[in-house]
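Asker: Let me give you the structure first, and then I'll get to my questions.
Just so you know, all these numbers are worked out from the coordinates, no wet-lab data involved. All values derive from a computational prediction rather than experimental measurement. Note: ideal-geometry Cβ built from the backbone for every residue, glycine included; neighbour counts use all protein chains shown.
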Amino acid sequence: MMNRPVARNSQRRVAAAADRSAAEPSDLHHYVISVAARMCGVHPQTLRHYERIGLVNPARTGGNIRLYSNEDIEHLRQVQRLIDELGVNLAGVEVIMNMTQRMERQQREFEERLRDLERQYQQDIERFKRIIHKMDKITAS
């Protein structure tokens with residue numbers, strides 16, 4: 001069996017599941033648990049366990065079928081790399097993944113703040129230029 005996205009006729013259920021799962025961005029491809037497990041090189045029961053302990057939160061269809069997004073698959077592959085290549089236990093994986101998410105969020109917030117400051121800086125420069133121009137007019141008269 002090939003690693004294929006869920007069939008088109010279930011696209012509506014995928015969209016509904018994505019709407020219910022606010023933490024999951026809208027993806028075009030979602031995979032049922034057997035396909036997701038094969039893509040990650042683990043048993044489907046492992047994915048169920050990861051969900052129970054909070055390492056992944058797949059979307060669900062109206063029939064309660066788990067649907068794993070591309071983002072979920074990448075997240076699970078990172079979990080497996082930590083376990084397989086670095087020998088990290090599940091508690092350590094949870095800490096690392098939480099810290100990674102926190103650092104990414106802080107990076108986004110920092111970049112947003114930096115853009116705000118750059119906009120404010122440009123506005124201040126324009127304001128100072130207008131003030132200087134007015135002062136030049138006053139001193140020239």
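Asker: To the nearest 0.05, how large is the calculated FRET efficiency for residue 45 and residue 105 if R₀ is 25 Å and r is the Cβ-Cβ distance?
Answerer: The value I calculate is 0.20.
Asker: Something else now. Mind giving me the FRET efficiency for residue 116 and residue 29? R0 is 35 Å, r the Cβ-Cβ distance, nearest 0.05 is fine.
Answerer: Calculated transfer efficiency: 0.50.
Asker: Another question about this same structure. Please name which of 90, 50, 100 has its Cα lying farthest along the dipole of the stretch 48-110 towards the positive end, using unit charges on Cβ (Lys, Arg +1; Asp, Glu -1) and the Cα centre as origin.
Answerer: About the Cα centre, the residue reaching furthest to the positive side is 50.
Asker: Suppose each label sits 7 Å from its Cα in the direction of the beta carbon; what would the residue 95-residue 53 distance come out to in nanometres?
Answerer: About 1.4 nm separates the two model spin labels.
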